[in-house]
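Down below is the structure, laid out as structure tokens.
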Amino acid sequence: MDQFKTDVLTLLSHEARTPLNSLIAPAEMLMSEEEVDAEDKNLLIELVHSAANRLHRFFENAMLLSSLKSGKWQFNPAPADLCEVVHDAICEVATKAAERRVKIEEKFDSGPTVCLDRQEIKRVVTAILDNAVRFSPSGGGINVSVCWQNGDVCVSVTDHGEGIDPDYLQYVFDELSDSDIDHHSRGQGLSLAIARHIVQQHNGTISVESTKGSGSTFTVQLPLTVPSQDAFCRSMPS
């Protein structure tokens, strides 16, 4: 945890620089006595709002990751339709996908109800989808599937973007590694690290396969029940 705190401070100096500049400069222009027309004023306000949101997300993710690593995060498992959870995550990134003209295709198999923390698994799938949309070419596509294998359920997200550098592939789910600093500056590292911790708490696995230039496939595999399940979850029929 001491090393984690040190790494967070290191990352903060790197991650916060750009949004802070995007906050300070427009704010100074708005506070100046120079006349600013309505259109430029709205643009400056949007820049401030966007930068503030980026900083807020960073701090929220850092705090969440710290809670997960220290074992203090409280999970709330309950019976849920995983297909609905995945669909909700798709809706979460729909606007961003539309802006990039990226089409998301769903292929869901019907299956038994799963015992999981609905909000946190949605967070996992949303992080993977956000990553896929971000690195997909304009006009590209993303395939999302839910299927059942030998008592487990698998969620797969495949994009057709640039793929992941082979030298970086092993660090995709690592938080705050020195070799990942450029990737973190693009806002992905913390979210995927959080996703790994959440999946592990569900006694599941998260993995990625990627070919440079041909896209990537992220797969989350979960058991039908989780270790911290309550009595109601334990009694759920398949």
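Here, each number is a calculation from the coordinates, and none is a lab measurement. All values reported here derive from a predicted model rather than from experimental measurement. Neighbour counts run over all protein chains shown; Cβ positions are idealised from the backbone, glycine included.
Restriction of the trypsin sites (Lys or Arg not before Pro) in region 24-122 to DSSP coil positions whose beta-carbon has at most 12 other beta-carbons within 10 angstrom yields K72, R101.
By how many nm would the segment from C147 to D174 grow when fully extended, if each residue of separation counts as 0.36 nm and the alpha-carbon distance is taken off? Intermediate values should be presented prior to the final figure.
Values: separation 27, 0.36 × 27 = 9.72 nm, distance 2.65 nm.
Full extension from C147 to D174 adds 7.1 nm.
How much length would be gained if the chain were fully extended between E105 and S70, taking 0.36 nm per residue of separation minus their Cα-Cα distance, in nm to one decimal? Present the calculation step by step, with values, prior to reporting the outcome.
On the way: separation 35, 0.36 × 35 = 12.60 nm, distance 3.69 nm.
This chain segment gains 8.9 nm when fully extended.
Karplus-derived 3J(HN,Hα) values for region 19-32, using 6.51 cos²θ - 1.76 cosθ + 1.60 with θ = phi - 60°, are x, 5, 4, 6, 8, 5, 4, x, 5, 5, 5, 5, 7, 5 Hz; glycine and proline are entered as x.
Restricting to Cα pairs below 8 Å that are 6+ residues apart, what does the relative contact order work out to for region 46-126? Please round to a whole percent.
Working: 47 pairs, mean separation 32.9, N = 81.
41 percent.
Summary of the geometry: region 124-150 and region 93-112, compared by the centres of their Cα atoms, lie 7 Å apart.
Could you line up C115, C154 from fewest to most neighbouring Cβ atoms inside 10 Å?
Sorted ascending by nearby Cβ count, the order is C154, C115.
A simple spin-label model places pseudo-atoms 7 Å from Cα toward Cβ; at R57 and E39 they are separated by 2.8 nm.
Check each of the GluC sites (Glu not before Pro) in region 19-93 and keep only those in coil by DSSP with at most 14 other C-beta atoms within 10 angstrom; list them in order.
Details: sites: E28, E33, E34, E35, E39, E46, E60, E84, E92; in loops: E33, E34, E35.
Those that pass, being in a loop and sparsely packed, are E33, E34, E35.
The H on the amide N of V102, modeled in the peptide plane, is under 5 Å from the matching H of G139, each at least 5 residues off or on a different chain.
Residues whose amide H comes within less than 5 Å of that of D117, counting only those at least five positions distant or on another chain, are A78 (H built at 1.01 Å from N in the peptide plane). Amide H contacts of G161 (H built 1.01 Å from N, in plane; Pro and chain starts excluded): G215, S216 sit under 5 Å, all sequence-distant by 5 or more or on other chains. Listed values for region 200-205 are Karplus-derived 3J(HN,Hα) couplings in whole Hz (6.51 cos²θ - 1.76 cosθ + 1.60, θ = phi - 60°), namely 5, 5, 8, 6, x, 9, and x replaces Gly and Pro.
Per-residue Karplus couplings for region 158-163, computed as 6.51 cos²θ - 1.76 cosθ + 1.60 with θ equal to phi - 60°, are listed in order as 10, 10, 10, x, 6, x Hz, Gly and Pro entered as x.
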